[in-house]
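Working notes, structure below.
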Amino acid sequence: MTDTIVPRSTMGRTVILGVIGSDAHVVGITILEHALSAAGFDVVNLGVKSSQDEFVAAATEHEAEAVLVSSMYGHARQDCEGLHERISDAGLDVVTYVGGNLAVGQDDFDQTRATFEAMGFDRVFDAETDPSEAIAALERDLQLTSGESETVRVNT
Amino acid sequence: MTDTIVPRSTMGRTVILGVIGSDAHVVGITILEHALSAAGFDVVNLGVKSSQDEFVAAATEHEAEAVLVSSMYGHARQDCEGLHERISDAGLDVVTYVGGNLAVGQDDFDQTRATFEAMGFDRVFDAETDPSEAIAALERDLQLTSGESETVRVNT
Amino acid sequence: MIRDRRLSTDELRRIDAELRADWPTAEAVDFDEAVAYHESLPPGKQFASVLEGADQPLLQPRAGVPRLDDQIELLQYLERDGGADLLPVTIDSYTRDNEYEKAQTGLEETRETGTDELNGFPAVNHGVDGCRELVEAVDAPVEVRHGTPDARLLAMVTFAGGFQSFEGGPISYNIPYTKEHDLEETIEHWQFVDRLAGAYTECGVTINREPFGPLTGTLVPPSIAIAVMLLEGKLAATQGVRSLTLGYGQVGNVVQDVAALCALRDLGEDYLSDEVTVTTVFHEWMGGFPPDEARANGVIGLGAATAAIARPDKVITKSPQEFQGVPTKEANAAGLRTTRQLMDMVIEQDIDIDGIARERQLILREVRCLLDRVEELGDGDVARGTIRAFESGELDVPFAPSDSARGDVLPARDDDGRVRIFEFGNLALDEEIREIHVARLDSRAETEGRDRTFRMVADDVDAISDGHLIGRPSHEADADPNRGESDAD
Amino acid sequence: MIRDRRLSTDELRRIDAELRADWPTAEAVDFDEAVAYHESLPPGKQFASVLEGADQPLLQPRAGVPRLDDQIELLQYLERDGGADLLPVTIDSYTRDNEYEKAQTGLEETRETGTDELNGFPAVNHGVDGCRELVEAVDAPVEVRHGTPDARLLAMVTFAGGFQSFEGGPISYNIPYTKEHDLEETIEHWQFVDRLAGAYTECGVTINREPFGPLTGTLVPPSIAIAVMLLEGKLAATQGVRSLTLGYGQVGNVVQDVAALCALRDLGEDYLSDEVTVTTVFHEWMGGFPPDEARANGVIGLGAATAAIARPDKVITKSPQEFQGVPTKEANAAGLRTTRQLMDMVIEQDIDIDGIARERQLILREVRCLLDRVEELGDGDVARGTIRAFESGELDVPFAPSDSARGDVLPARDDDGRVRIFEFGNLALDEEIREIHVARLDSRAETEGRDRTFRMVADDVDAISDGHLIGRPSHEADADPNRGESDAD
Ligand code: B12
Ligand code: B12
C-alpha cells in the first residue's frame, strides 16, 4: 500500500464500509479500508456494530456510490434483513456488497450467496476474498472503465 | 510380560504364528509372540514372508491347535486364497485366525471381515486388535474354560 | 470516578434486585439455594479444584449452540470423543449485547427451523434450570465463555445455574468486543460480577474467574496482554475472587510464546495477593486461520507443541474448521485430539530453547513500564489508573474496535516472527524499549528491502492464513495469485 | 567374498544382458536412447538439481497405485492439491519380490475389477513407455520408492523410463524388507544398480540415490541408522553415484531427532568423498500410527516441527490415514499441507534447543565405533566389513525380519523419550557407551517402578499409537481398557 499506482478514476468515489449488527470483528474492515484507500477510493469507515440506519445515513450524507457491509460472526442474515428497503426508501442508488462469514457454521457458500442476492445485494463475498477482488468488482460495477484508468502514484 | 499370572490351562497348547505372503511387517507378530508366550501358549513363530505350505507343515509337525495368520501390507486376500483347502487336505483340525491390515486402502472392516470369514477363517481381527483380545478369543475357542483356569506365576 | 474498592453487601443486593427486572429468568436466582446446589455437586465438577489440582495442562474447547438439548449433546460428545478435560458454554452475540429479546427470537426460530439462528448458547434465556440441566448432564466442570461487557445478569443466572468458572473482565470484554461501552462503566459492571463470585467463594463455593487474554486475537504484543491480565486480576481479587486463570493467546513464535507464559505466571504470582491462586491458560492461535482444514491442523499443531513446552495449566483448543464458521462437533473434537496427541508426545521431553530468558526479561520490563504508569495515573488506584491510561493511550490494544481504547498501537513481526510494536501511539513504554522494537522491525524491513508501512502490518495479519508466520512480500506470489492485482510495488 | 570395487563396463553389460530375460519390458531399455531422453527433460524434472538447489526443505509424499492412469491422476493431485515439491512412485510388494508375473495378475485384476489389487505401482510391468508417460504427465521430479532387495531390473526400466531418483540400498532394502536374502547377494545386486546410476551420471544425467534411512521404522537407534546410511553411501559412491540423499526416520524426541540429522549431515560430508553431493531426508514417524486421523495429525505435526528445526533437504510426509491402509489421495495431500503449514510457520524462527550438541556427540561416537569395527572386520573393505559385521551381530537392526541380521538388539526409550539400547546383542559399541544407555534406561525403569523387560519395549512400540511418546505403565489404563487383561503386574 505504499507508493502504489492507483487509477485516477477511483479518486473521489465514495464508499461506505462497516460491520453490521452486534458484530465486533474489526480486523477485516481495517484491512479493507486501507486497501480501498490505497486504491484511490474515499472510504467512510463506520467501524463495527453499525446499524442499518447508520449505513443509510452515511451513504446519504456522503453521496456514496457503494455500501460495503461486513459480517463475520454469523448473524448476517438477521442483521441485513430490511436493509435494502431502507436504502430504497432513502432514495439511494448505490451498489451494495456484503462479505465475510455470512452464515453460522459450515455453510455451503453457493446457497449463502443466493440468500443474500435474494435480499438485494449486488455481490456477495466469502471470507477468502482478498481486498483486490472487492476493488476489481467496484471498478467494474461503478464503470471505472479502462478508458478512464489513467494512473497516479500515491504514497500512503 | 514379566512375572505374569498365566492360566495353567494354556500351557502346552501350541499355536502357529506367521506373516503370510511377501509381507515383511514383523513388529506385530513379535509383540504377539511375546504376549502369547507370556499367556502360557507354546508359540511357533514362522516369521515374515511365510508361505501357506509353511503354515500347514508347521501345524502338522507341532500338532498345533490354532493357526494365527498376520498380514499387514494389503495383499491378504490373494495370499490366503486356498489356505483352508490345504489345511483340510492335510487333515488338520485347527482354529484359524487372521489379523492386521487385511485390505489395500481405507476399507470398511465389516466387509473385510465377511470376506475372510467366507474364506474359512474362524475369526478376523483388525489392526487395532490388542494381543489380549486374541488371547481371550483363543481361550474361548480352545475351550480353556474357567474350571481349568488354575494359574501359575511365570517369569519371562 | 470509580475506585478499586470492594462492593458492600448492600450494594451487591441493590444491583441484584435491579437486574431482576431485565429478563424473567432472573427471578429464579436465589443465592443461598444456589450455594447449597453447588455444594451438592461432585468434586469432579468443581472447576477451581479440578484445574488447580491438575498435573498436566487440561484441554478445553469452545462450543455453543442455541438449544439446550443440542448443547448437552455437543458437550457430551466433546467429553467422550474429544477427551475434553474442561467444558465450555460459549454464549451467543445477542446475549453479549444484553439483547435477551433478540436472543429469544433466535432461540425460537432455531427450534422451529432446526437450523441454528444464534452463534452461541443464550444462557440467560435458558435460565437457572436450563443451566443446571446442562451442568448435570456432563462429567467435567463447565465454564461460561462469552464476551459480554455487561455480564451481570449472565453471571447471576449462570452462577446460580451451577457453573463455577466465568471468563472475561472489564477490559478484556470491552476493548476487543464493543464499540461504545465506556470503560468506567464496564469496570463497575465487572465489580458486581467479581463481587458475586467473591460472595460464592466466601460461602465455600470457589468461582474461578478467567480474564480473556487474547484480546483482539490479532498480533497482540505479549506485554500488553499481560498488563491487562494483571489489572483485571487485581480488580477481581479486590472483590474477593480467589481463583484466577490468567490468559494468553499464542502469537506463533515459540520463544516469545513460552517467554510470555513464563512472564504471565511469574507476574501473576508477584502482582496478586497470596490469597489468590493463580493459574494460566494458553489459547491456540486466535487470529485468522487458513481456509483449509489440513493447514489449520498445522496451526493447531504448533499451538500444541508450544503448550507442551510452556506447560500452562489449561489450553483452549481450536478446530480445523476455525476459518469458515462455528465448527461441527466432530471438527471440534478433532482439534482436541490433535492437540492432545502432539502435546502428550512432547510434554515428557526436556525442551529448553535458547533466548527464552532474554525475551522474558524484555516482556517483564515492558509490563512493569505499563503497570507503573497505570499506578501513577490512578494515584495508586488500579481502576482509575486503567481508565486514565486507556484514555490517554498509554495503555492501548491493537485493532481495538472500542472507543474506550485509542487503537493507535500497531504490531508487526520482526525477522524471527516475534510480535513487536510498529506504531506506539501513546503507549507507556520507555525510550529504551521502544528502540529495541524499532531496531527489530528495521532489520526486518531491511531483510525484505521495503519500508515499514501499514502494508507490513496487513501482510502479517494475513500471513498465517496464507501459510506463513511472517508476511514477507516474497510470500505473496505463492499464497494467492489474485493478490498481485492491488499492489504494484 | 565380494569387494567394494567398481563394476567394469563389461560386467555392467553382462548383467544387463542377463536381466533382459526376466520380463519382456526389459527389451525396450536402451541406455544411449535413455540418456538422450533424460537430456530432453526440462530442468524442473532434474531430481538432483532441484533437490540440491532448494533453499528450504522440499516435501515429498509416498504414493503408489497399480494403474498408470490412476497413478498419473494421483501424482497430479498431490502436486496441485498437496503442493508436493517432489513426487514418488511407490512400487508394489510383488515387484519388490521380483514376482512380475503376480504383479501382472494383480494389475490385470485391478483393471477388470476396478479395485486395487496391488499395494503399489508395478513399474516393470508398465515398462519404459509407461514410466515416461508418467514422468511427462507431472511437473515435479519423480523418485522410485520401493523396498526391493534385487532392484536391478526395476532400476534398468525406471532409469530408462525417465526417473532420476531411486530409493534403497543393499542393507536398507534387505534387513527391514526380507527374510532369506543374503546380504552379500544384495550388495552385489546394488553394485549393479549403483553402477548403472553412475553410468548415467557420467553421461551427464545425474541419478540421485537415496538409501532408506528408517530401516524397520520402529525405534531404530539413530547411530545404527546413520551407520547404515554411511556404509550404503560409500558403496554407492564407489560405483560412481554422485548425488546421495541420506535418510533418517523421526523417533519423536525433538533433541535426538535434530541431533541425529546434524550428525547424519556432518558425517555424510566427512565420510564420503568430496565428489559426492550429500543431502539429507527426514521421514516423518515411520512406526505405528494412532488409529485416528485427528491424532495422526498430531504425530505429523511433530514431524513437521522437527523438520523445521533440523532443516533437512527433504521431508517425506505421512498421511492421517497411515494407520489403516494406503491413504486416499485427499488424505495424502492433507498430510502434505499440514506439514507445510507447520513447517513454514516455524522455519523462519531461530530455535536452538539445549542439549543437541551433547546428543549429537554421543551419536557421533557411536557411529564411529560401529564404522571402525566394520572397517576392521573388512580389512578396509566396506562390503566385506558390512557382511561380517551383520553376521556377527556387531552391526544389527532392531526388529529386523531378515536372516541376514541377528535382530538381537532391542531399543527402548529413556525418561526423556530418547531411543536407547536396551538389549545390545553383539553390537560393536564400547563399554562406556553401553553404560550411558544402561544408565538412562535404569533411570526410566526407576521412574516407573518396574524392571527393564521386554514389556517396556512392547509398551514403547505401542506408545505413539496409544497417544504418548513413552510407553509408561501408567498410560496403559487410559489408552486401552482391554489392555489390562493380559498383564497382571
Ligand atoms: C480474530 C477473531 C475474533 C476476535 C475479534 C477481535 C476484533 N474485535 O476484531 C475476537 C476474539 C474478539 C472474536 C470474537 C468473536 N468471534 Co471471532 N473470530 C476471529 C477470527 C479468528 C479471525 C477474524 C479475523 O480477524 N480475520 C482476519 C481478517 C483480515 O480477515 P476477515 O475478518 O475474514 O476479513 C477479510 C475477508 O473476510 C473479507 N471481508 C470481510 N468483510 C467483507 C465485506 C465485503 C463487502 C468484502 C468485499 C469483503 C469482506 O475481506 C477482509 C480483509 O481481507 C475468525 C476465524 C477466522 N477467520 O480465522 C473468528 C470468527 C469470525 N469468530 C466467530 C465468532 C462466533 C465469534 C464470537 C461470537 C465468539 C464465539 N461465539 O466464539 C465473538 C463475536 C463477538 C462479537 N460480538 O462480534 C466465528 C463466526 C462464526 C460463524 N460465522 O459461523 C469465527 C468464524 C470463528 C469460528 N469458526 O467459530 N473473534
Ligand atoms: C513399520 C511399518 C513398516 C516397516 C516394517 C518393518 C518391519 N519389517 O516390520 C517398513 C518401513 C519396512 C514397511 C514397509 C512396507 N509397508 Co508398512 N507399515 C509400517 C507401519 C507404519 C507400522 C506397522 C507396525 O509395526 N505397527 C506396530 C505393531 C505393533 O502393530 P501391528 O503391526 O498393527 O500389529 C498388531 C495388530 O495389527 C495385531 N495383529 C497383526 N496381525 C495379527 C494377526 C492376528 C491373528 C491377530 C489376532 C492380531 C494381529 O496385533 C499386533 C500386535 O499388537 C504401518 C502403518 C501403521 N500401522 O501405522 C505401515 C503399513 C502396514 N505398511 C504398509 C505398506 C503398504 C508397506 C509397503 C508395501 C510399502 C509401501 N508400499 O508403502 C512395505 C511392505 C514391504 C513388505 N514386503 O512387507 C501399509 C499397508 C497398506 C494396506 N494394508 O492398505 C501400512 C498400513 C501403511 C499405509 N497406510 O500405507 N512398513
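The values are calculated or read from the model by the stated rules, or taken from the named source; none is laboratory data. Bear in mind that the values here come from a model prediction, so they are computed numbers and not experimental data. Heads up, the Cβs are rebuilt from the backbone with ideal geometry, glycines too, and the neighbour counts pull from every protein chain shown.
Yes/no matrix, rows are residues, columns are (1) away from ligand 1 (no atom under 16 Å from the Cβ); (2) among the hydroxyl-bearing types (Ser, Thr, Tyr); (3) surrounded by fewer than 21 Cβ atoms within 10 Å (Cβ to Cβ); (4) modelled with pLDDT under 95:
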position	(1), (2), (3), (4)
B:VAL44	yes, no, yes, no
B:GLN52	yes, no, yes, no
B:ALA59	yes, no, no, no
B:ALA64	yes, no, no, no
B:VAL67	yes, no, no, no
B:SER70	yes, yes, no, no
B:GLU81	yes, no, yes, no
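In this structure, is C:PHE121 away from chain A (no Cβ under 13 Å), surrounded by 24 or more Cβ atoms within 10 Å (Cβ to Cβ), among the aromatic types (Phe, Trp, Tyr) and within 16 Å of ligand 1 (Cβ to nearest atom)?
No; evaluated as a whole, the condition is false for this residue.
Can you pull out the residues in segment C:28-51 that are more than 24 Å from C:THR9 (Cβ to Cβ), surrounded by 12 or more Cβ atoms within 10 Å (Cβ to Cβ) and either of a type in the set (A, V, I, L, M, F, W, C) or more than 27 Å from the chain's Cα centre (by Cα) (or both)?
Hits for segment C:28-51 are C:LEU41, C:PHE47, C:VAL50, C:LEU51.
Does any residue of segment C:404-421 turn out to be over 26 Å from the mean Cα position of the chain (by Cα) and within 14 Å of another protein chain (Cβ to nearest Cβ)? Don't jump to the end; show me each part of the working.
Narrowing segment C:404-421 to residues over 26 Å from the mean Cα position of the chain (by Cα): C:415.
Checking the rest, the ones that are also within 14 Å of another protein chain (Cβ to nearest Cβ) come to C:415.
So far as segment C:404-421 goes, yes, one or more of its residues are over 26 Å from the mean Cα position of the chain (by Cα) and within 14 Å of another protein chain (Cβ to nearest Cβ).
Restricting to segment D:388-403, name every residue that is over 21 Å from the mean Cα position of the chain (by Cα) and either at positive phi or among the β-branched types (Val, Ile, Thr) (or both).
Passing the criteria: only D:GLY393.
For A:THR14, state whether it is closer than 16 Å to A:SER132 by Cα and β-branched (Val, Ile, Thr).
When the stated conditions are applied, A:THR14 does not pass them.
Scan C:GLY301, C:GLY240, C:GLY252 and give me the residue that is touching a residue at least 40 places away in the same chain (Cβ under 8 Å), at positive phi and buried (at least 24 other Cβ atoms within 10 Å of the Cβ).
Matching residue, one of C:GLY301, C:GLY240, C:GLY252: C:GLY252.
Does A:VAL48 satisfy the condition of being within 25 Å of C:ALA103 (Cβ to Cβ), at pLDDT 95 or above and within 14 Å of another protein chain (Cβ to nearest Cβ)?
In short, yes.
Wholly within segment D:10-112, which helices (runs of 4 or more DSSP H) include no fewer than the required count, namely at least 2 residues that are within 30 Å of C:GLU293 (Cα to Cα)?
In segment D:10-112, D:47-53, D:68-80 are the helices (runs of 4 or more DSSP H) which contain 2 or more residues that are within 30 Å of C:GLU293 (Cα to Cα).
Among the candidates D:ASP403, D:ASP466, D:ASP442, D:ASP460, which residue alone is buried (at least 24 other Cβ atoms within 10 Å of the Cβ), charged (D, E, K, R) and not assigned by TED's automatic domain parsing to the domain that holds D:TYR173?
D:ASP460
Out of segment C:445-457, which residues are touching a residue at least 40 places away in the same chain (Cβ under 8 Å) and surrounded by fewer than 22 Cβ atoms within 10 Å (Cβ to Cβ)?
Hits for segment C:445-457 are C:ARG452, C:PHE454.
I need a count of the residues in segment D:270-285 that are surrounded by fewer than 23 Cβ atoms within 10 Å (Cβ to Cβ), part of a loop (DSSP other than H, G, I, E, B) and in contact (Cβ under 8 Å) with a residue 24 or more places away in the chain.
Going through segment D:270-285 one residue at a time, the tally reaches 4.
Report every pair of residues separated by at least 6 positions or lying on different chains whose Cβ atoms are under 8 Å apart, first residue within segment D:85-102 and over 22 Å from D:ALA54 (Cβ atoms), second surrounded by fewer than 23 Cβ atoms within 10 Å (Cβ to Cβ) and among the hydroxyl-bearing types (Ser, Thr, Tyr).
D:TYR94/D:TYR100
What number of residues within segment B:103-146 are farther than 24 Å from B:ARG86 by Cβ, more than 16 Å from the chain's Cα centre (by Cα) and either within 16 Å of ligand 1 (Cβ to nearest atom) or in a helix (DSSP H, G or I) (or both)?
Going through segment B:103-146 one residue at a time, the tally reaches 4.
Take the residues of segment D:304-321 that are over 16 Å from C:ALA294 (Cβ atoms) and either of a type in the set (D, E, K, R) or without any contact (Cβ under 8 Å) to a residue 12 or more places away in the chain (or both): which is nearest to the other protein chains (Cβ to nearest Cβ)?
This residue is D:ARG311.
If we scan segment C:149-167, do we find a residue that is within 14 Å of chain A (Cβ to nearest Cβ) and touching a strand residue (DSSP E or B) at 6+ places or on another chain (Cβ under 9 Å)?
no
Considering only segment D:85-138, how many residues are charged (D, E, K, R) and farther than 30 Å from D:ASP313 by Cβ?
11
With the structure loaded, tell me whether D:GLU39 is touching a residue at least 60 places away in the same chain (Cβ under 8 Å), closer than 30 Å to D:MET345 by Cα and of a type in the set (Asp, Glu) or whether it fails that test.
The answer is no for D:GLU39.
Taking B:VAL44 as meeting all but one of (1) within 13 Å of ligand 2 (Cβ to nearest atom); (2) part of a strand (DSSP E or B), write down the number of the exception.
(1)
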